[in-house]
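Working notes for the structure below.
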Amino acid sequence: MELYSDIKKVQQMVSNLHQQGETIGFVPTMGYLHEGHERLIQRARQENDYVILSIFVNPLQFGENEDLDHYPRDEKHDRAIAERNGVDMIFFPTVDTMYPNALSVEMTVTRRADVLCGRSRPGHFEGVVTVLAKLFNICRPTRAYFGMKDAQQIAVVDALIEDYNFPVKLVPVPTVREQDGLAKSSRNVNLTDKEREEAPAIQEALQKGREMVQQGIKNPLTIKNEIRKFLESKTHGKIDYIELLSYPKLQDVHHIEGQVILATAVYYEKARLIDNVVFDADGQLAYG
């Protein structure tokens, strides 16, 4: 496994791979890798000749009230996980490497960003698309892998690739879950025992909504109201949002037709948990 922090060296390596006709799988991360990241790497390893993992805590996607300096980092741990899962190269740039000067051209996300988690994180997805545009140009991947746990991010990346004609195939990978259905997250360690006991109700509520669609209920408001009642009866967390939108366009729907996302976020004392399910008008899962 090779480690690079220099952009030009990565570009030269990538150019050589393309000349040899090799496919490149790319997994962009901010480090502190967990089982969800491992699943992305494993999928990339299965489907490509060469796998690049980037680790970069991107300051542009942190808001005023989000603590960039205290974002968890563990380089030794990350390198061990990457090597164990067959990563060929880790790209470890610094902030000065990625942003040596103030940006002369800034990217703005005009759709898909002002709903779900994006509503409470202004500027976040501008930071995401900016760093991904740079990473896609540096690493020139054949395929890029993202977890469905952050389905809104995937929707925004889908728009970035389509709007700017990046020759990259976006590969959504199903959310990795605990045995009781809770989506795996580094935030789960911040739950109290009682909160951890309650937290699987988040996925249960979403599945209840999907079952309503399977039963022929197509009114989003009816479904969201039932999910709210279920969550309020099963958890003590504060509901941030419950949304049912078209996917990946993330637009309001008044009647379920085509592919949709049902998503929620719940605040606990020291953790905010998000989860979602994506399915069609018959309630069939889009991502198993």
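Against the list (1) surrounded by fewer than 19 Cβ atoms within 10 Å (Cβ to Cβ); (2) more than 20 Å from Ala286 (Cβ to Cβ); (3) of a type in the set (S, T, N, Q), the condition Gln215 fails is (2). One residue alone among Lys270, Lys194, Lys208, Lys224 is part of a loop (DSSP other than H, G, I, E, B) and surrounded by fewer than 20 Cβ atoms within 10 Å (Cβ to Cβ), and that residue is Lys270. The single residue among Asp180, Asp163 that is acidic (Asp, Glu), surrounded by fewer than 16 Cβ atoms within 10 Å (Cβ to Cβ) and not assigned by TED's automatic domain parsing to the domain that holds His18 turns out to be Asp180.
Table: residues versus (1) in contact with a helix residue (DSSP H, G or I) (Cβ under 8 Å, 6 or more places away or on another chain); (2) in a loop (DSSP other than H, G, I, E, B).
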{"site": "Gly31", "(1), (2)": "yes, yes"}
{"site": "Ile52", "(1), (2)": "yes, no"}
{"site": "Lys76", "(1), (2)": "no, no"}
{"site": "Ala82", "(1), (2)": "yes, no"}
{"site": "Asp96", "(1), (2)": "no, no"}
{"site": "Pro100", "(1), (2)": "no, yes"}
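Among the residues of segment 40-52, none qualifies, meaning not one is more than 17 Å from Ile24 (Cα to Cα), in the same structural domain as Lys149 (by TED's automatic domain parsing) and in contact (Cβ under 8 Å) with a residue 24 or more places away in the chain.
If the requirement is being modelled with pLDDT under 95, under 30 Å from Arg43 (Cβ atoms), under 22 Å from the mean Cα position of the chain (by Cα) and charged (D, E, K, R), which of these qualifies: Arg177, Arg210? None of the other options fit; the residue is Arg177.
Taking only pairs six or more apart or across chains, which ones have beta-carbon atoms under 7 Å, a first residue in segment 142-166 that is touching a residue at least 60 places away in the same chain (Cβ under 8 Å) and farther than 15 Å from Phe279 by Cα, and a second residue that is of a type in the set (Lys, Arg) and crowded, with 22+ Cβ neighbours inside 10 Å? Within 7 Å, the pairs are Ala159/Arg112.
As a summary of the residue check, Glu75 satisfies the conditions (1) crowded, with 19+ Cβ neighbours inside 10 Å; (2) within 14 Å of Tyr4 (Cα to Cα); (3) at pLDDT below 95 except for the one numbered (1). If you go through segment 168-191, how many residues are in contact with a Lys or Arg (Cβ under 9 Å, 6 or more places away or on another chain) and assigned to a helix (DSSP H, G or I)? Counting residues in segment 168-191 that are in contact with a Lys or Arg (Cβ under 9 Å, 6 or more places away or on another chain) and assigned to a helix (DSSP H, G or I) gives 3.
The values are calculated or read from the model by the stated rules, or taken from the named source; none is laboratory data. Just so it is clear, the model here is predicted, and its values are computed rather than measured. Methodologically, a virtual Cβ is constructed for each residue, glycine included, from the backbone with ideal geometry; neighbour enumeration extends over all protein chains shown.
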